[in-house]
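Visitor: Here it is: the structure, laid out below.
Computed from the coordinates by the stated procedures, all read-outs in this text should not be read as laboratory data. Owing to the predicted nature of the structure, the values given are computational and were not obtained by experimental measurement. Reconstructed Cβ throughout: ideal geometry from the backbone, glycine too, with neighbour counts over all protein chains shown.
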């Protein structure tokens, strides 16, 4: 059942039915172990299920095998799932007799929305309030595993009792369960928080919660991402701007952020005036647009901004780099005429898809997110904006899904989700069509008939939050960055002391070409130095000994490979120059160059 309104999610597939039934069986098993348990909700989720419950004891991970054992007994019993329809009054009496106060609250909530009846499902001696469907009998649960325990407030409200939530996974085969568990272990190895520390990329301190400190190596990666976007702006004719961090709250009232977004904003008082730290760049860009008279010939105007943004996130949802309170976006806003929308969005889509290809995100989903409950602008504007975006997507010829109610408060949007190396999905880029903000800020251009017209505002991000993108990328590549992005691109390892001078001379040559190289000239074994270079995930190690010096060469070893290849210094230089130019090559192949 949905924690917000108690309406259970639709069950659309066999595996969803298995997961739904597994949640029911888990609750039954818990009741066998803890007869006084109070049950909340137990919906299916991606890859599995959970159930919230109030128990007389605090569960630990060591309790999960006991619950699993009881579940297996229930599954082996082959008990049929039996559905029964009840009137509201009958259902209330039923769960009153079972002393299940949360279920009674759910029934009362459903009755208040107009429901006159509800259904229950029973198997063995356990009955649950449920719409279903379930498998025919308990033996049809093929493969599951309980994973973890967490806390959850009843109905998601901090003033309500805190329940214990047990998470589990379920699949149609044991092989799928084993594969998922392997993926979980691999995810732990790839965790960007773990790799960020090991590779000396970034850190956090309690004095700056959810605000990362980027170390020199992490800063190199960060700046290379920014530079990639700046290189991309040249063929697409973007102009970069800088806008203030703190602006009078009157601006945020005008933009609609104060009414629709203030719970995520930071405020301060200066000279008896209330100011807000900017959570978004868009209002500032409207002022730059309005600073000059604009003609239809001037449009489109594309403004890019790498300004730092601040948004309050509750400490319970922050997570490393992927959910922070201070960040930078590769943010841009396009001011255009209505007849230019299709072409402009097409260019942004091209920019986004080519960029994801560069980072080897090959599985990309596109969603059209429509009007949310909290929004600004008339229904007519929303109708026009949503239909315009849908028409553009149809003409692009790419498949897309409707994500109802997930648009920005000022306009609908196209969202891009990528699958990483572990097949986990992440939202990255976005294109938002906004007719409302130009209206609110009175933006105009003089049209060809010499009359004032409203421009359309397209909000656009390719990578999105650079912090979040970096966290996702670290896990996607397991910390082994492509050559052009790696903080240290090559490490030269002189075999003995007489070889150090040769190594330093070549390092200087590479650095002069912009290659990031270091030298490991410690008095340690080659085996140790080679292992440490691999642990640091440096793309290439270059060994220099007597034979290499005599040949004017070095022995090159690629990260993750065992074989070494002797190459001349000239060949290494050319090879590294080509690898370093990869992002510029991507920009150069764009259709709109």
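Visitor: Subtracting the Cα-Cα distance from 0.36 nm times the residue separation, let me have the gained length for residue 85 to residue 419 in nm, one decimal.
Guide: 116.0 nm
Visitor: Take every Cα pair under 8 Å in the range 498-593 that's 6+ residues apart, average their separations, divide by the length, and report that relative contact order as a whole percent.
Guide: Reported relative contact order: 20 percent.
Visitor: On a 0 to 90° scale, report how tilted helix 569-580 is relative to the longest principal axis of the chain, with both axes built from alpha carbons and the result rounded to the nearest 10.
Guide: On a 0 to 90 degree scale, this one is about 40.
Visitor: For the range 131-225, what does the relative contact order come out to in percent, with C-alpha contacts under 8 Å and a separation of six or more?
Guide: Over the range 131-225, the number comes to 18 percent.
Visitor: Report the Cα-based extents of the chain along its three principal axes, largest first, to the nearest Å.
Guide: Here the Cα extents, ordered largest to smallest, are 88, 75, 53 Å.
Visitor: Taking a point 7 angstrom from the Cα of residue 273 along the C-beta vector, which residues in the range 238-258 have backbone N less than 11 Å away?
Guide: Backbone N within reach: 247-251.
Visitor: Further question: Listing 449, 339, 521 from the residue with the fewest other Cβ atoms within 10 Å to the one with the most, what is the order?
Guide: 449, 339, 521
Visitor: Here is a follow-up. For the range 14-189, what does the relative contact order come out to in percent, with C-alpha contacts under 8 Å and a separation of six or more?
Guide: For the range 14-189, the relative contact order is 28 percent.
Visitor: So what's the angle, to the nearest 10 degrees on a 0 to 90 scale, between helix 64-76 and the longest Cα principal axis of the chain?
Guide: Result, in degrees: 50.
Visitor: In square nanometres, what is one fourth of the surface area of the convex hull spanned by the alpha carbons of the range 490-583?
Guide: About 5.7 nm², averaged over all directions.
Visitor: If we sort 228-234, 567-573 on the protection proxy, mean other Cβ atoms within 10 Å, highest first, what's the order?
Guide: 228-234, 567-573
Visitor: Taking the Cβ of each residue in 336, 282 as the centre, tally the other Cβ atoms inside 10 Å and list the residues starting with the fewest.
Guide: The fewest-first ordering by Cβ neighbours comes to 336, 282.
Visitor: Enter the angle in degrees (range 0 to 90, nearest 10) between the Cα long axis of helix 101-112 and the first principal axis of the Cα atoms of the chain, meaning the one along which they spread out most.
Guide: So the inclination is approximately 90 degrees.
Visitor: Continuing with this model, one more query. Would you mind computing Rg(Cα) / (2.2 N^0.38 Å) for the range 14-189, counting N as its residues?
Guide: Taking the Cα Rg and dividing by 2.2 N^0.38 Å, one obtains 1.03.
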